[in-house]
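Report on the following structure.
Just so you know, all these numbers are worked out from the coordinates, no wet-lab data involved. As the structure is a computational prediction, the values presented were derived from the model and not from experiment. So basically every Cβ, Gly included, is an ideal-geometry build from the backbone, and we count neighbours across all protein chains shown.
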Amino acid sequence: MKWSSNLQPQTESIMIPSFDYKTPKTLQEACDLLQEAHGKAKIIAGGTDLVIGLRNGDSNPSLLIDITSLKELRRIEETDETLSVGAAVTHSEIASSPLVRQYGIVLSKAASEIGSPQIRNLGTIGGNIVNGSPAADTLPPLIVLDAIGKVISRDRERNVPVAQLVKGPYETSLKPSEILVGVSFKKLSQDIRSGFIRLARREAMAIARMSIALLLQVQEGKIQNIRIAPGAILPTPQGLSDVEEFLKGKSPDEEVLRIASRKVSEAMIRRSGIRPSAPYKAPVVEALFLRAMRRALEGQDETGRS
Amino acid sequence: MEITIKFTINGKMVKVEVPPHWTLLRLLRERLGLTGTKEGCGIGECGACTVLLDGMPVNACLVLAPKVDGRSVFTVEGLGSRDALHPLQKSYIEHGAVQCGFCTPGMLISSKALLDKNPHPTQDEIKEAISGNLCRCTGYQQIIEAIEAIDKDVRG
């Protein structure tokens with residue numbers, strides 16, 4: 001029958017094409033494998049984005065290099081001034097880490113709201129960054145934290161601000177021989193408040209439509225320092241420096257915040273262009289910013305911080 | 001080309017030959033005959049294929065087979081049998097938490113993952129634990145009640 005022969009290719013198309021799979025035991029071995037594959041290999045961590053991409057035929061690597069067995073990529077470590085998170089640390093591990101809660105709660109909050117428990121147990125922070133989705137949930141917090149990515153290849157190691165790792169939607173500045181091994185950021189001091197809000201079609205399992213991450217330091221009623229980064233509404237992750245500049249030195253009263261919220265939506269339109277969704281998105285991003293500011297001013301996200 | 005992987009499935013050690021591009025879901029269903037785990041969306045959104053990997057719930061459709069080498073996998077077949085149902089399975093039946101049944105294996109596994117870690121969950125914790133499992137029949141209320149009832153049974 002005709003319909004059954006039509007069904008056959010459909011079943012085939014959802015199968016993942018074949019590849020070789022290696023699980024190196026050292027970072028050096030991983031770099032060597034990647035170098036020798038001459039661009040035909042892909043790094044796999046949690047696989048929550050990559051496996052879907054393989055299934056869709058977005059990429060067709062001949063080799064997958066699994067980095068989740070590399071212990072140095074699975075650690076959350078602190079020094080006196082910084083906190084570093086290995087690229088293969090999962091969202092669940094970040095969300096439940098007392099260190100991240102204490103020194104970068106804006107990141108814990110974002111990690112705890114990703115996908116579902118199942119996705120958070122697989123997906124990693126490194127994968128979330130290098131997948132380069134404009135809606136990547138960990139990017140706005142990493143931007144406001146001024147996080148630096150550590151990138152290595154067989155012959156070289158370099159540090160790149162996370163903001164510069166993502167060049168465009170689903171496009172990174174990594175060379176084919178390079179691996180993102182982790183991110184680090186300065187530990188937040190106790191007087192810095194944060195706010196993170198994410199909007200999606202529903203709370204769980206939906207891609208973020210819009211999010212705002214911010215850090216705020218208020219001294220004697222005046223905004224001393226502020227960092228703001230929106231998610232999912234800009235082609236690449238970046239802070240809103242013009243809004244930050246406007247707010248610095250001002251007291252966060254209603255009028256100032258209202259003007260600032262306008263500047264947030266103007267920045268969105270300036271950088272992303274006027275899309276058909278702009279008339280809807282502008283007031284929403286303004287409200288989201290105001291809510292995130294309120295959270296930060298009231299220290300809501302910090303309750304429970306030890 | 002196939003690779004050999006060894007892992008624990010529902011407490012038993014197995015050694016299987018599998019092509020590295022197979023997912024854990026396909027390995028379970030097509031090589032090991034464990035068809036209790038269902039394929040729904042195949043892209044990690046519906047939770048029908050939820051299994052425990054080293055005790056943590058994951059979407060088996062997103063886990064490539066080589067990843068389970070040396071690890072432990074738990075599926076709905078490990079919960080109970082027709083003659084000896086797991087308390088969760090009994091509670092699901094008693095509370096009418098099963099209608100078409102397609103989401104049930106995944107729901108049960110997410111429920112088990114929750115109770116293993118947190119024997120006295122609040123309603124919010126239950127909702128969070130099953131937030132990655134879609135059910136299009138029950139409206140979730142009966143499922144939440146079924147999980148809550150276990151907690152009460154344990155507390156007596």
Proxy exposure order for A:103, B:92 (fewest C-beta within 10 Å first) is A:103, B:92
Neighbour-count order for B:73, A:218, fewest beta carbons within 10 angstrom listed first | A:218, B:73
As a Kirkwood estimate from alpha-carbon pairs, region B:63-107 has a hydrodynamic radius in angstrom of 12.3
Neighbour-count order for B:35, B:104, fewest beta carbons within 10 angstrom listed first = B:35, B:104
Cα centroid distance between region A:179-228 and region A:32-86, in Å?
-> 25
Mean residue ellipticity (222 nm) of chain B, computed from DSSP H runs ≥ 4 via -39,500 (n - 2.57), nearest 500 | -8500 deg cm²/dmol
Work out how much length residue A:155 to residue A:32 would gain on full extension: take 0.36 nm times their residue separation and subtract the Cα-Cα distance, in nm to one decimal.
-> 43.3 nm
Share of Cα-Cα pairs in region B:3-78 beyond 22 Å, whole percent, is 9
How high is the FRET efficiency between residue A:18 and residue B:136 when r is their beta carbon distance and R₀ equals 35 Å, given to the nearest 0.05?
-> 0.55
When only DSSP loop residues count, what trypsin sites (Lys or Arg not before Pro) in region A:64-114 have their Cβ near at most 14 other Cβ atoms within 10 Å?
-> A:75
The Cα extents of region A:230-271 along the principal axes, largest first and rounded to whole Å, are 31, 15, 15
The ³J(HN,Hα) series, computed from each phi in region A:74-90 with the Karplus coefficients 6.51, -1.76 and 1.60 at θ = phi - 60°, rounded to the nearest Hz and given as x for glycine or proline, is 10, 9, 10, 10, 10, 10, 4, 10, 10, 10, 10, 10, x, 4, 9, 6, 7
Violations at 25 Å Cα threshold for listed pairs A:109/A:187; B:90/B:117; A:187/B:127; B:15/B:90; A:71/A:150; A:25/A:167 -> A:187/B:127; B:15/B:90; A:25/A:167
Per residue of B:59-71, how many C-beta atoms from partner chains lie within 10 Å of its own C-beta, taken as a mean?
-> 5
For the residue A:175, residue A:262 Cβ pair and Förster radius 45 Å, calculated FRET efficiency rounded to 0.05 is 0.65
Lys/Arg +1, Asp/Glu -1 at C-beta; region B:1-104 dipole; positive extreme among B:14, B:48, B:66 = B:14
How would you classify region A:49-97 from its alpha-carbon gyration tensor, with a ≥ b ≥ c the square roots of the eigenvalues: rounded for a/c under 1.5, else prolate if a/b is greater than b/c, otherwise oblate?
-> prolate
Mean other chain Cβ within 10 Å across A:201-211 is 2
R0 = 56 Å: FRET efficiency of residue A:242 with residue B:84, Cβ-based, nearest 0.05?
-> 0.30
Region A:18-66, Cα convex hull volume normalised per residue, Å³ | 63
What size of dipole, in debye to the nearest 20, comes out for region A:18-66 about its Cα centre when the only charges are +1 on Lys and Arg C-beta atoms and -1 on Asp and Glu C-beta atoms?
-> 80
Of the convex hull drawn through the C-alpha atoms of region A:197-302, the volume per residue in Å³ is 101
When Cβ neighbours within 10 Å are restricted to other protein chains, what is their mean count per residue of peptide A:111-117?
-> 5
Positive end of the charge dipole of the protein assembly as shown (Lys, Arg +1 and Asp, Glu -1 on Cβ, about the Cα centre): tell me which of B:113, A:278, B:141 has its Cα farthest that way.
-> A:278
What is the spin-label model distance, in nm, from residue B:41 to residue A:167 if the labels are put 7 Å beyond Cα along the C-beta direction?
-> 3.1
Cα-based Kirkwood hydrodynamic radius, region B:87-155, one decimal, Å | 11.6
Cα-Cα pairs in chain B separated by more than 29 Å, as a whole percent of all pairs, come to 16
Counting Lys and Arg as +1 and Asp and Glu as -1, each charge on the Cβ, what is the dipole of region B:3-78 about the Cα centre in debye, to the nearest 20?
-> 180
Going residue by residue through region A:275-280, the Karplus relation 6.51 cos²θ - 1.76 cosθ + 1.60 with θ = phi - 60° gives ³J(HN,Hα) values, rounded to whole Hz and with x marking Gly or Pro, of 9, x, 7, 4, x, 7
Provide the descending list of Cα extents for chain A along its principal axes, expressed in whole angstroms.
-> 67, 55, 32
Between the alpha-carbon centers of region A:102-163 and region B:53-108, tell me the distance in whole angstrom.
-> 30
Put a dot 7 Å past each Cα toward the Cβ at residue B:100 and residue B:125; how far apart are the dots in nm?
-> 3.2
Report the extension gain between residue B:54 and residue B:72 in nm, rounded to one decimal, defined as 0.36 nm multiplied by the number of residues separating them, less their alpha carbon distance.
-> 6.0 nm
Cα Rg over Rh - region A:73-186, Kirkwood = 0.94
